[in-house]
1. Among B:Q235, B:G221, B:G186, which residue has its Cα furthest toward the positive end of the charge dipole of segment B:153-240, with +1 on Lys/Arg Cβ and -1 on Asp/Glu Cβ?
2. Add -39500 (n - 2.57) for each DSSP H run of 4 or more in the protein assembly as shown, then divide by its residues: what number comes out at 222 nm, to the nearest 500 deg cm²/dmol?
3. Every other copy gets compared here: list the nm distances from the A:R70 label point (7 Å along Cα to Cβ) to its counterparts, shortest first, one decimal.
4. Work out from phi, with θ = phi - 60° and the Karplus expression 6.51 cos²θ - 1.76 cosθ + 1.60, the ³J(HN,Hα) of each residue of segment A:509-520, listed in order in whole Hz, and give x for Gly and Pro.
5. Can you give me the angle between helix B:400-410 and the longest principal axis of chain B, using Cα atoms only, in degrees from 0 to 90, rounded to the nearest 10?
6. Using each residue's phi in segment B:255-260, evaluate 6.51 cos²θ - 1.76 cosθ + 1.60 at θ = phi - 60° and report the 3J(HN,Hα) Karplus result to the nearest Hz, with x for Gly and Pro.
7. Just to confirm the number: angle between the C-alpha axis of helix B:464-484 and the first principal axis of chain B, 0 to 90 degrees, nearest 10?
8. Summing both sides, how much accessible area is buried between A and B? Use a 1.4 Å probe and give Å² to the nearest 100.
Protein chains: 2
Amino acid sequence: MENCNSEGRIKKIYVKSEKFPFAVGMKQVILTDTVVEGKHIANPPVNIYDTSGVFGDKDYTHDVKKGIPRLREAWHKDDTNFVQLDKFTSDYTNAQLADEELKKVAFPITYLPKKAKKGVAFTQMALAKQGIITPEMEYTAIRENLGRVDKQSYITPEFIRQEVAAGRAVIPCNPNHPEAEPMIIGSKFFVKINTNIGNSALGSSIEEEVEKSVYSAKLGGDTLMDLSTGKHIHQTREWIIRNCPVPMGTVPMYQALEKVNGNANELTWEMYRDTLIEQCEQGVDYFTIHAGLVKKLLPAIAKRLTGCVSRGGSIMAKWMKDHNEENFLYTHWDEICDILAEYDVAVSIGDGLRPGSTHDANDEAQLGELKVMGELCKRAWEKNVQVLIEGPGHVPMDKIKENMEKQIEWCHSAPFYTLGPLTTDIAPAYDHITSAIGAAMIGWFGTAMLCYVTPKEHLGLPNKEDVREGIITYKIAAHVADLAKHHPMASLRDDALSKARFEFRWIDQFNLSLDPEKAMEYYGVEKIKHTPYCTMCGPNFCAMRISREVSDKGKITE
Amino acid sequence: MENCNSEGRIKKIYVKSEKFPFAVGMKQVILTDTVVEGKHIANPPVNIYDTSGVFGDKDYTHDVKKGIPRLREAWHKDDTNFVQLDKFTSDYTNAQLADEELKKVAFPITYLPKKAKKGVAFTQMALAKQGIITPEMEYTAIRENLGRVDKQSYITPEFIRQEVAAGRAVIPCNPNHPEAEPMIIGSKFFVKINTNIGNSALGSSIEEEVEKSVYSAKLGGDTLMDLSTGKHIHQTREWIIRNCPVPMGTVPMYQALEKVNGNANELTWEMYRDTLIEQCEQGVDYFTIHAGLVKKLLPAIAKRLTGCVSRGGSIMAKWMKDHNEENFLYTHWDEICDILAEYDVAVSIGDGLRPGSTHDANDEAQLGELKVMGELCKRAWEKNVQVLIEGPGHVPMDKIKENMEKQIEWCHSAPFYTLGPLTTDIAPAYDHITSAIGAAMIGWFGTAMLCYVTPKEHLGLPNKEDVREGIITYKIAAHVADLAKHHPMASLRDDALSKARFEFRWIDQFNLSLDPEKAMEYYGVEKIKHTPYCTMCGPNFCAMRISREVSDKGKITE
């Protein structure tokens, strides 16, 4: 297939900061002229939010063994908030590094980790509370405004600082993942999407996972979670992080469970703690931690149609039942937050009791956990840890709004990060769609980030084509939410595309679309140049052609 | 690929009417037992609304040249409301039948049309107003209740009569299309979906269109519109109708325009009138007629970003402009209704000014036309013609509710029949998804029928795979709307599937799903029998398996 961008009309541009020594990358679509009765009228270029990082630079040559450039390292070279460690702190990491056998599968590490100087609160939230606008805040401000300097927008660096200080927005940016471009998650900004990848005991290799992660960033995934549960979790993660231009999250419990060979009742706080440090020092930007599923909620699980469908949640539930003790993530919450604050790793408080069927939506178990999550959120903020709150799950449309309202109230406006929600249970193989409906709605109501769902949800591990389908579907959900909530930059692209469509500027229409390649493939490459009617209708039935005549708008020149 | 129904667990059953000599077909999924610790517990079968007609009978052999059985003919054998004509009334029909050359492409007709006896009002609406429960009303009552006789449901035949009498529901059932099974369109019932097929000047054959129409009914299309604009429109339609178990609609203007070789200004009322009669006598069940786009609304088109994107609408707009006269569909509205009443053809008042971009949503042009449509609706009801109101189009999520509310108010609760709406313009190749989001929401708010959109929307004619993708996506939108509006039968299927999922009864899960073949293909046929965990996670990470343990629900026996 010919490249849609054959005329070089999709470019990567860099918008310079006036305050900091960096420029923010974004896509720019250069439009063709409108030609009416032979007269040319220029159309302004359209900037598009871009997550591809260096992969979007046409001259960039990627070497997976070297990783991508460490963008943010230079920004903090002389930053006195940090200390440079002279070795890794985690016992597990050091054991892995010492193992000769594992060197064959390991990324060739050339760095040592950083952490906060003792007694210094350096997270984005801590600095925001002190009134400091960080480079990361400036960066996200330029990104959210799509580089417009003549901006009427409310999204100033100062506004971002206020949102981060209040906990209403999160900038996940562990200094040990300097490859990631800063981005912001909060209800006042573009709705973001997260993609999940990860191998399992049943298949897929490190190479495949790295390839999927790069693919995800190129297509528009704002963040990425590595949910690997199979072999070589530590090494897989290292490869992904070193090649990942977007913030990366994990569920540390998965690795903890692997360390005890899947026996949940052998899990200990000490081992989990070491896993946190291991991952903080690798550069994970946010952790899902199922600390809200406390012991008193266990009886509510038995009342459900589909019990507990969260992996992390069910592991903790089993541990509590086997030990007859409180969730150790809950009892060690302050200690967890102290560790996370040292590396500015955000916490995404996991909803272990998210409903696994529309039947269980908004029930006692789900809402009971949400209340606990709100308490944990406040405690994390006291330690300047940035917080996301995870949400459902399977929820019929009429119960979505209640979810959002209760989350805002009980979790003090911390950003909501939801999986869908799926609005019905009856469409396995189409759950990207059942969930995009719910995702769009909850995004409109205020959810800040949507965790994508692929067509393989409930059925198997997604392949590359599934990842594409999931990402584009979620870019749609996020964008329609942006439109509905009137993000100041959202409708520019729709209007430019619709104008192109009405004027039969097919190249512009495709370049402005979410998936130019697929749109062009469906339309037919050979027809792209000059066809002043749609292929569905033929010339006599082309409403847009006739409509121009009716409105005396002049004939589009071929 | 092995058939998912390999164990014969998806059956077609027939539920007998107590009052009329017929039985209503529906699907029944026979579930396997739940087996906990070796103990068997039966799960009741689940009935599913079915649109496949005779194509769902496993013993049925289809001969496209004979057409499918004329189901409703026997019901009205002695019906004194009808007269049997001894020849076709339309000049055009008679000319086509006389043309030797056309016999090669014509369906071998063996019937002559019926119409109302002079002075008799026999439409479903007319009879409903007289307090008569017709066989068609009884049939739809059994269908909507999924055959449950122990029903707590409000959907009784008498309730249906009331809804039809008030114009809040439509049963499209031209007696000249007795092959179609009666179905009901109204906000109190299952949300229905319409599929569009049709050749254009640019491609596709009669065979392909008939194949697509049969495929549509098998997959779950509730009604079907033939939007052909290419060669042999009359003959294509005949083939489709004679093989179509669901009500069929058209836009008669398309054929009228073909008759004048695409020159809109040569259109005349006389020729359009003959086209209506031609199609009434072939058996079309509902007509889209763009009578609401009146002359005073033309200036509003020029103010839009994307003008008028309706084919029928733009044709009439051009005609009005060229002739400087009022829309002849508007000026001849009473006469149109008189014709439609004679054949009980429903009118679907077309929205010629539906917005073609999110920018134009809910604007002066769109809402101005909606008001006129409301007036036309009332006048049609006075003549006992059943009415649907067509709706947008491209509408961002935050403007959808207003659409529905205004339609209910201005169009007196006549059933709303919408195309999507598409919630963004930027995703060509994914407009089945951009529109499913809007369709689900507007269905919840009260829209009775959703016109499907395929991935090829804006790009080309859909092929068979696109039709499948469009239909399943719209079955999802309709179903999630049913769930959200609490249709009494809607959640049964979700709950049964979720229970099966939680108990690892994979066969039941797939048989209950909207597209069993695709779900099974993704899961992997070889694993279907006994795998008490999901392939995404592997046994140690299976939340559902662990969750059963936590709740002491007993182990599912393999």
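1. B:G186
2. On the way: 40 runs with 426 residues, N = 1116.
Calculated from helices alone, the mean residue ellipticity at 222 nm is -11500 deg cm²/dmol.
3. 8.3
4. Once θ is set to phi - 60°, the couplings for segment A:509-520 become 4, 6, 5, 7, 8, 5, 9, x, 4, 5, 4, 6 Hz.
5. Roughly 50 degrees between the two axes.
6. Per-residue couplings from phi come out as 5, 4, 5, 4, 5, 10 Hz.
7. 80
8. Working: alone 23090 and 23100 Å², together 37810 Å².
Rounded to the nearest hundred, the buried surface is 8400 Å².
The values are calculated or read from the model by the stated rules, or taken from the named source; none is laboratory data. Because the structure is a prediction, the values reported are computed rather than measured. Cβ atoms come from the backbone with ideal geometry, glycine included; neighbour counts cover every protein chain shown. For the accessible areas, the whole protein counts, side chains as well, though only heavy atoms, and no ligand, DNA or RNA atoms are used. Shrake-Rupley method; radii C 1.70, N 1.55, O 1.52, S 1.80 Å.
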